[in-house]
Structure formats: C-alpha cells, structure tokens
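Here is the structure we will look at, set down as structure tokens.
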Amino acid sequence: MITHQDSMHILLADDDEDDRTFFSEAIQELKMNNKLTLFKDGNELMDYLVHPDIKLPHVLFLDLNMPGKTGIECLKQIRANTRFKDVSIAIYSTSSSEKDIEDTFIEGANIYITKPNDFSSLKKVIQEVVNMNWQFHSSGLNIETFFFST
Amino acid sequence: MKILGLYKNSQIFKIALAIAIVVVCYIASVFYSQMQKLDSTVELIANSNETQLELEKLLSVISIYETSLRSYIITKDEAYIKNRFLSRGKIEQNIKNLKKLTSNDFTRSQHIDRLKKLIDYRFKLFRQTLIIAKSKNVNRLELNSKLLESSDVTEMMKSFVSKIIFSESAKAKIQNNNHQFELQDSITTAFLLVILSLVILFLSFNKMNVDIEELKKANDKLKLLNESYNTAEMTAGFGHWMLNLETSTYTFSDNLFRLMGVEPNAFEPNIENTIKYIHPDDLDYVTKVHKDSLLNHQSTSMTFRFLTPKGEVRYIMGVGSFTKDGNGDLIKIGVNYDITNQYKKTLELENNNKELKYINTELEAFNNIVSHDLQEPLRKIQMFISRLEEKELDLLSQQGKDYFSKIRVAANRMQTLLIDLVNYSRTIKGDKVFVETDLKMVLDEILQDLSSNIEEKKAAIEIGKLPTIKVIPFQIKQLFINLISNSLKYSKEDIVSQIKITSKKITEKEMRDYKIINKEDYYKIVITDNGIGFKQEYAEKIFLLFKRLETDPKYSGTGLGLAICNRIVENHKGFIKVKGEPGVGAKFYVFIPKGDLL
C-alpha cells in the first residue's frame, strides 16, 4: 500500500500494475493535495474498507475486471453498507460496453470512466473527477451524465 | 329441359307416380262398375227375350188346345182330346218360368198374375165347352155361346199377351240401346286404362333407366375419386383407416399398408396384425392412446414409428377422430402421415441450429477478445508511447523520432480498427430495440462528440429539417457518426469543408430506380459534402467490408466505417445509396422505412 499524505483521500482498486503506476504518476504530476491508496484486487479493497478504524475515502476508482472479487461485486457490497453512503465511486475500466455501464449505474456507481489511452487524457480525467462537485453530480444523477467522456 | 329437371327430381316423380296410380285405380273402378252394369243389362235383355218366348209358347199351347177342341166338336173324334188334353202341366211349367223371370219386377209379375187368371178362366171355359160338347144332348145354343165366349177370352188373352210382349220387346230395345252405349263407354274406359298404364309403365321404365344411368355415372365418379384418392395418398405419403365401433371391423387404405412396408391388403386389417409393424418402443403408448379414445371418444394425435419388415423405421404422425356413418354407426377415422423426411430434416435443422449457436457463442467470445482483451495491451502501448513522447523523445536521434512517430500512428490505427470492429459486431448482434428518436437531437449529440475533429478540419456543418423516426438509437447514432466522419476524413485541404444533413422528398426517378411503391413509405435523408469525391463506378463497392478506395496514407480508413453504415441501414430494413463525382464531393442517401415495415 502506497499512501500519500493529504486531506483528500482517493482509493484505486486495479489488478493491473501498469495502470496503478500510471494512475499514481498522474496524481503526482497533478500535484494535488490528496492521499492515494492503491489495492491489487477487490478482496484487498474490501478487507481494507471493513476495518472500522479507517478514515473513509472521498472517491474510489474501481476497476471492473479483477481476479477474486470483481469490481461489480465490490460495488454491490459497498452500496449495501450505509457506512459508505458518502463515498463517491468512479468506475475505471477498459470496457465501454452498454451492459457494464448500465449494470454499474443501477448498482449505484457515481460515474463511469473508460481508461484513456494517453497520459495527458488520464491526468485530465483524474483532475476533473477529483475536483467534481459530487453533491451536484449525485443529485442530478442520470444515465446520460453518468458516462464520463474526455 | 325443365321437364328433364323435374324428371330427375325423384320426389316429384314419386308424387306424380302416386297420382297416376290413383287415377288408374279410379278408372279401373269405373271400368269395373261399367262391366257390372253391362252384365246386368245383358241379363235383363236375356230375361226379356225369355219372357217373350215363354209367353209365345203359352199362347201356342192355348191355340193348340183350342184347335183340338174345335176339331173334336166338329168330328167328335176322341183322338183329338185323348192326348193329355186339358192337362195344365205344360202351361203350369210355363207360368212358373214366367213367374221366376218376372220375380224382380212388380209390374211384370202382376201382369203374369193377371195372365194366369185369364188362363185359369180360359181353362174353365175349355172344360165347360167340352162338357157341353160331350153331353148326349148337345145344346147348340149354349155351346155356341160358350165357344163365342171362349173365342173372346182367347182374343183378350192374345191381345194381353201381345201387349206384354210388346212392352217386353220395347224394354229389350231400350236395354239394347243402353247396352250399346255402355259397351262404347267401357271400350273408351278400357282404352284409357291401357293407355294410362302404358304411359306409367313407360315413364317408370324411363325413370329407372335415367336413375341407373345416373347411378352408373356416380359410380364411375366415385371410382375415379377413389383412384385419385389412392394416388394422392401415395404421393403425399399418408394412409387412412376406419374402425366401425358397432361391428368392431377395421378398414385400411392401400397406402396404409404401404406405409407399414407391405403390399396392399397383405393381411386382415385388425389391431393384432397391425401391432407387429409398430415400433416396439412405441407400442404401449400407441395402444393405450387408441384404446383410451375408444372409451372416451375423444380425438387423438400422436407421433410414433412403424417398423417395416425390411427393418426400416418410419416416423408417423397419426390423428384420429370420431364420426357417424350413413347407418348411424359410430366410427373412428384415422389418418397416418409419413413424417420421416420432416422429422429427419427437423433433426438436421436442430443440429445445425445447435452448431450455429455454438459458432455464435464462439464469435461472441472472439468479439470480446477483440473489444476488450486486445484493446487492453494496445491501450498500454499507447500509454507508454505518450509517456515516452512526453519525457524521453528528445533523447532519440531524428531517425529514432521518425520511427517512434510511425509506431504511434500504427498503434492509433490499430485502435480505430478495433473500435470499428467492435462497432461492426454490435450491428450484427441481437437486442435491437426500436425507439422513437428525434434525429435532430441525435445529430446535435454527434456534433458534440465530434467537436474536436470538426474543429481540426475547420468544417461547416449544416443540419436541415430532420424527422423523428422509430430506430435503434445507438445504431442510428453510429450511422451518422460514420457518415460525418467519412465526409470529414475525405475533405479537401484547401477549402472549407461543408457538410449538410437534411431530409428530402423522394423523387419519381428514385421510386423507379429503387422500386419504391409509395413515396410516403420511406424517409430520405441526404448527407452532402464538398470533399474529394469518387468515381461513380465505385458507388456500390464502398459499402463492402474492408473495401477502401483511397490508398493515400493520409486518408487512414479501416474499410469498416461505411460497411457499418450499410449494415445499420439494413437492420432498419432500409437502404443506402451514394453518388460521387471526383473533385466535387459525395452525396449519401439514406432511405429508412416509416411505420411497421421494420
């Protein structure tokens, strides 16, 4: 677990090591005031979250296709627990299939991001999502604004 | 013709025949009574004649007696009075006969009674005269007066008799006239009777002939029908059977035997003989269904197998139903239909279907690999390229930089290719849900999505009047994205690219060329650009998969974009046409049916 000391707490669960690296590098280059915690898979993420002492994250970036516990399973578990009702969840996946978008929307994810294929886009996405006014975004939640396009 | 028609109607014929018979009976009875009358007339005439004869005889006897008496008086010869003279026996006989003859007529019998009295008186006179004549002292005066009286009485008698005879003969004459008349009548009646009988006979015979002719015709027709039915059964591969439930007898059609693989009438049709040809595995089921139906009289329908003596298995569809025949007997009629070919075909089809489904799943899996698994490493390659470009590009030589740029272009091209492939496969897959969609809104969205691309090409895009259509929304969006992207891609570098999207009316020429029956059946949307265009001869080819017209590397197409367009329009049961002119531009015409043609 790599942890960045800051006020805003961001989590990323992704089984791909390269993607985790890109993500943390992007956060670093953005020089944002936040703390990033990385997880290798769904189980690791859930083990961390169920711990009662932790400080709840602001945003969770969740990959869908992971060994062990998949992203959608994590999403269901998190949304089933009222303790995490204020945690914003951004799906972070290569897939852009209608089915995945719809399923995660129904299960209560806040936004859906397809992994960009260049680094500058990645930085842009992270910046926008992290700085998003979640209050506003969640209240007017609909499937059209759910899918985030760069 | 009308009469012939009536003739054929046996009901009317029956009525006519009944009337004719009644008429004949009537005439016969008239004839009988006439004959009866004739008979009595003849009797009356005979009676009258006989009466006359008897009277004549009577008179002649009286005359003979008178003559004998006279002769005796003159000659006194005993010989004249010897021979039973004055015996009344003969006359009594005559009177008896007359009495008998006139017994049924009061006046006549009265006449005879009077005659008898006259005769009695005459005989009395005979006797008195004879006594006087025989006496020794013949009193001439007395004798003469007696003789005179006798002669008067005789005359009176004679005139009385001749009066009776006259009346009898007058009567006889009338009778004779009547007789003639009645005879004439009877002849006419008899003739009528004969004619009428002959007519009836002739009509009956003719009717019978006609009936027989018709019966023969009907029989011939039935024979032909039966024959054609047999042929039909053979051709269509079905056979039928009948069971009379009252008599428990079965009838099998020829082809039913053939279905069992034997010659027609190869065995006596009954259950015991038939079950030998039913597949052992189906036997219990078939007999149960059949026997149950005989109890509840419900229609049956089942599929089973015949096993022919040669070991061939035939799949049979059997249906049975109950009805009543002409005698009111309950019968079960069954039709067995050879469905072996259909069954085999269905089996084959099912197998093919399974295979197709398997191939489909494979294809879907393959599709997933392309869309997800292949994109994953590619995205990473692109990511690393962008990292290198940002940080390490300066460290490379010029040639290295060139190579690196080519790597980036190739990777990007591969990405678009993968995206197009995914899009194309999405147009093939199912879940096609049609929704009323405002094309104007779709186009607005697309312009948003393509904004960077449009800006880059500095294109002016004009959106005209567009309808709301029932379409598959994501596909129709893809269609216009591809068409506009296509126009952008093949735009000219030196002038401002102008792209116009609008709906237009279908022209008469288009109706003729594309066989559109009604103008109102289709929406027509035209996408016009002022790009590099193409030769019209390639118009059909550009919609083919992986078909690219431009080989210049600056037009980096995948050959999938327009194929996807074609596919999408086809999914909407429409069609897409294009007109191109090199150096002037291209016009795409999208025709999408309105209403329920989808």
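Here, each number is a calculation from the coordinates, and none is a lab measurement. Owing to the predicted nature of the structure, the values given are computational and were not obtained by experimental measurement. Backbone-built Cβ (ideal geometry, glycine too); neighbour counts: all protein chains shown.
Miscellaneous remarks
- For chain B, the share of DSSP beta bridges that are antiparallel, to the nearest 5, is 95%.
- Counted over the protein assembly as shown, the DSSP beta bridges are approximately 70% antiparallel.
- Kyte-Doolittle mean at least 1.0, axial Cα span of 30 Å or more - DSSP H helices of chain A: none
- Residue order for B:Y65, B:Y343, fewest other beta carbons within 10 angstrom first, comes to B:Y343, B:Y65.
- Using all pairs of distinct alpha-carbon atoms, the Kirkwood hydrodynamic radius of the protein assembly as shown works out to 41.3 angstrom.
- Angle in degrees between helix B:340-368 and the longest Cα principal axis of chain B, rounded to the nearest 10: 20
- In this structure, the pairs whose alpha-carbon distance is over 26 Å, taken from B:K477/B:K577; A:K99/B:K470; B:K492/B:K587; B:K57/B:K134; B:K457/B:K500; B:K477/B:K524, are B:K57/B:K134.
- Cut-off of 10 Å, at most 16 other beta carbons, DSSP loop: longest stretch of chain B lacking such GluC sites (Glu not before Pro): B:79-245
- Charge dipole magnitude, Cβ of K and R +1, D and E -1 - the stretch B:50-173, Cα centre, debye nearest 20: 260
- Cα-based helix-to-principal-axis angle, B:473-489 vs chain B, degrees rounded to 10: 50
- Anisotropy class of the stretch B:414-456 from Cα gyration tensor, a/c 1.5 cut: oblate
- 27 Å Cα-Cα threshold exceeded, pairs from B:K458/B:K573; B:K100/B:K171; B:K406/B:K541; A:K115/B:K440: B:K458/B:K573; B:K406/B:K541; A:K115/B:K440
- Peptide A:112-121 - average C-beta neighbours from other chains (10 Å radius): 5
- Farthest toward the positive end of the dipole of the protein assembly as shown, out of B:A459, B:S253, A:M132, is the Cα of B:S253, where the dipole comes from beta carbon charges about the Cα centre.
- Under 26 Å from the Cα of B:K136 - lysines, other chains or at least 8 residues apart: B:K76, B:K82, B:K124, B:K146
- Taking each DSSP H run with n ≥ 4 as -39500 (n - 2.57) and averaging over every residue of chain B yields -21500 deg cm²/dmol at 222 nm.
- Listed by chain and number, the lysines whose alpha-carbon sits under 28 Å from that of B:K207, ignoring those within fewer than 8 places in the same chain, are B:K2, B:K8, B:K14, B:K216, B:K217, B:K221, B:K223.
- In degrees, nearest ten, helix B:10-75 long axis to first principal axis of chain B (Cα): 10
- Dipole magnitude of the stretch A:1-78, debye to nearest 20 (Cβ charges: Lys/Arg +1, Asp/Glu -1, about Cα centre): 400
- DSSP bridge analysis restricted to chain A gives an antiparallel fraction near 5%, rounded to the nearest 5.
- When the trypsin sites (Lys or Arg not before Pro) in the stretch A:48-82 are filtered for DSSP coil states and for at most 15 other beta-carbon atoms within 10 Å of their beta-carbon, the remaining sites are A:K55.
- Those aspartates and glutamates that a straight Cα-Cα span of less than 12 Å connects to A:K124, excepting residues fewer than 8 apart in one chain: A:E29
- The charge dipole of the stretch B:155-230, taken about the Cα centre with unit charges on the Cβ atoms of Lys, Arg (+1) and Asp, Glu (-1), comes to about 180 debye, rounded to the nearest 20.
- Each of B:S204, B:M302, B:S71 was placed along the dipole of chain B (beta-carbon charges, centred on the mean Cα), and the one lying farthest toward the positive end is B:S71.
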